[in-house]
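*Asks:* The structure follows.
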Amino acid sequence: MGKEHLGNLELMVLLALLRVRKAAYGVPISREIAQQTGRDVAIGSVYAALERLERKGFVSSALGDPSPERGGRAKRYFQITGTGIREVQVAQRMLTNMWRNLGPQGESA
Amino acid sequence: MRSDRAPVVATWLVDRFCGEPAVAGDLIEEHRERHSSSWFWKQAIIAIVACSGSRIWEHRWLTVRAIAIGWLFAAVVIRVGMREIVHPWWDTVAPPALYPLIALLPWFVNGWLIGRLHRPYSTAMVLAYAVWLVIRSAPPVYEAAINALAGADPDAIVFELWSRATSVFAMIGGGVLSTYSVYSITRRRRSARLRPA
């Protein structure tokens, strides 16, 4: 297990990035999470998670062009890195192991 | 309330406290499509707390240093310098009623100093010190409230709340101002880099 652990929101952000399948910015990432989980996630929380993930080396980012409909502010595009993909796989394995031998209601089988 | 234009103050605060223009840009984009001013304000507050909270947690020792510097400045300049030296002198040369305004100046300088010494995490560190000040204010405010309820000194609670709230706002004001020049330079550099050749 790596030194850096993934939080719940961090894992959801990485999975959203994988689902979008290309470099994405805050709005599509938060929409993807909301669409798949049925829970609204604040854009500020998504950015805080992305900032942590970037520091851990799980995502990389690049600035796009500023646009007038965003008040002259550029989009920051995020992309999952190889280390990030491996970390998602580790998290999936860990969660699958924890679910094993548990019934649909979480009771011991 | 629905409006096509994103709240200017909330946008400004997100820019200052998150230090990443893309956050405010995303909020503006979402606000244009379907959301109200109250939605924008709620998102702005969450963004400020999330951005600053994340930085405070990631840089815990820097936060301790920021609070220690703020505390030291307050102990030396405000508690000793202002109360023991400036206040008695001020009362002899100027109207005492103006002193509360002068007393806010060192708080402003305190915020500015914390901001300048903790770049690029200025706003998060200033916010951490503001939270510390609020926590530290709880016992005296509580005591003043008890006295007011007992009828001993009813005006003390108003004075305590007012003086502490203005001190915190003056300190945050100084901290935010300290980031202004840095933020403008960063934004100008970014714009220059993004401009097509």
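The values are calculated or read from the model by the stated rules, or taken from the named source; none is laboratory data. Fair warning: this is a prediction, and the values are worked out from it, not measured in the lab. Here Cβ is always computed from backbone atoms with ideal geometry, including for glycine, and neighbour counts include all displayed protein chains.
*Asks:* Given the options B:Ala124, B:Ala66, B:Ala44, B:Ala130, name the one that is surrounded by 14 or more Cβ atoms within 10 Å (Cβ to Cβ), in the same structural domain as B:Gly19 (by TED's automatic domain parsing) and within 23 Å of A:Gly44 (Cβ to Cβ).
*Replies:* Among B:Ala124, B:Ala66, B:Ala44, B:Ala130, only B:Ala44 is surrounded by 14 or more Cβ atoms within 10 Å (Cβ to Cβ), in the same structural domain as B:Gly19 (by TED's automatic domain parsing) and within 23 Å of A:Gly44 (Cβ to Cβ).
*Asks:* Take B:Asp15 and decide whether it is part of a helix (DSSP H, G or I) and touching a residue at least 60 places away in the same chain (Cβ under 8 Å).
*Replies:* Here the answer is yes, as B:Asp15 does meet what is asked.
*Asks:* Ok, one more. Could you check segment A:60-109 and list, in sequence order, the residues that are aromatic (Phe, Trp, Tyr) and touching a residue at least 12 places away in the same chain (Cβ under 8 Å)?
*Replies:* Once the filter is applied, which keeps residues that are aromatic (Phe, Trp, Tyr) and touching a residue at least 12 places away in the same chain (Cβ under 8 Å), segment A:60-109 yields A:Tyr77, A:Phe78.
*Asks:* Confirm whether B:Leu72 is without any contact (Cβ under 8 Å) to a residue 60 or more places away in the chain, closer than 24 Å to A:Asp65 by Cβ and not charged (D, E, K, R).
*Replies:* Taking the combined requirement at face value, the residue does not satisfy it.
*Asks:* When you scan segment B:87-161 for helices (runs of 4 or more DSSP H) that lie fully inside it, which ones turn up with 1 or more residues that are under 19 Å from the mean Cα position of the chain (by Cα) and at pLDDT 85 or above?
*Replies:* Here the list reads B:99-117, B:122-149.
*Asks:* Inside segment A:41-59, can you point out the residues that are facing chain B (nearest Cβ under 10 Å) and of a type outside the set (Val, Ile, Thr)?
*Replies:* Matches in segment A:41-59: A:Ala42, A:Gly44, A:Ser45, A:Tyr47, A:Ala48, A:Ala49, A:Leu50, A:Glu51, A:Arg52, A:Arg55.
*Asks:* As an exercise: evaluate B:Tyr99 against (1) in contact with a His (Cβ under 7 Å, 6 or more places away or on another chain); (2) within 11 Å of chain A (Cβ to nearest Cβ) and give the number of the one condition it does not meet.
*Replies:* For B:Tyr99, the failing item is (2).
*Asks:* Might you check whether a residue that is of a type outside the set (A, V, I, L, M, F, W, C), out of contact with any Leu (no Cβ under 7 Å at 6 or more places or on another chain) and within 14 Å of B:Phe169 (Cα to Cα) occurs anywhere in segment B:81-94?
*Replies:* The answer is no, given that none of the residues of segment B:81-94 is of a type outside the set (A, V, I, L, M, F, W, C), out of contact with any Leu (no Cβ under 7 Å at 6 or more places or on another chain) and within 14 Å of B:Phe169 (Cα to Cα).
*Asks:* To continue, here is another question. Suppose we filter segment B:1-43 for residues that are closer than 20 Å to B:Ile172 by Cβ, of a type in the set (A, V, I, L, M, F, W, C), in contact with a Phe, Trp or Tyr (Cβ under 9 Å, 6 or more places away or on another chain) and facing chain A (nearest Cβ under 10 Å); how many remain?
*Replies:* Counting residues in segment B:1-43 that are closer than 20 Å to B:Ile172 by Cβ, of a type in the set (A, V, I, L, M, F, W, C), in contact with a Phe, Trp or Tyr (Cβ under 9 Å, 6 or more places away or on another chain) and facing chain A (nearest Cβ under 10 Å) gives 3.
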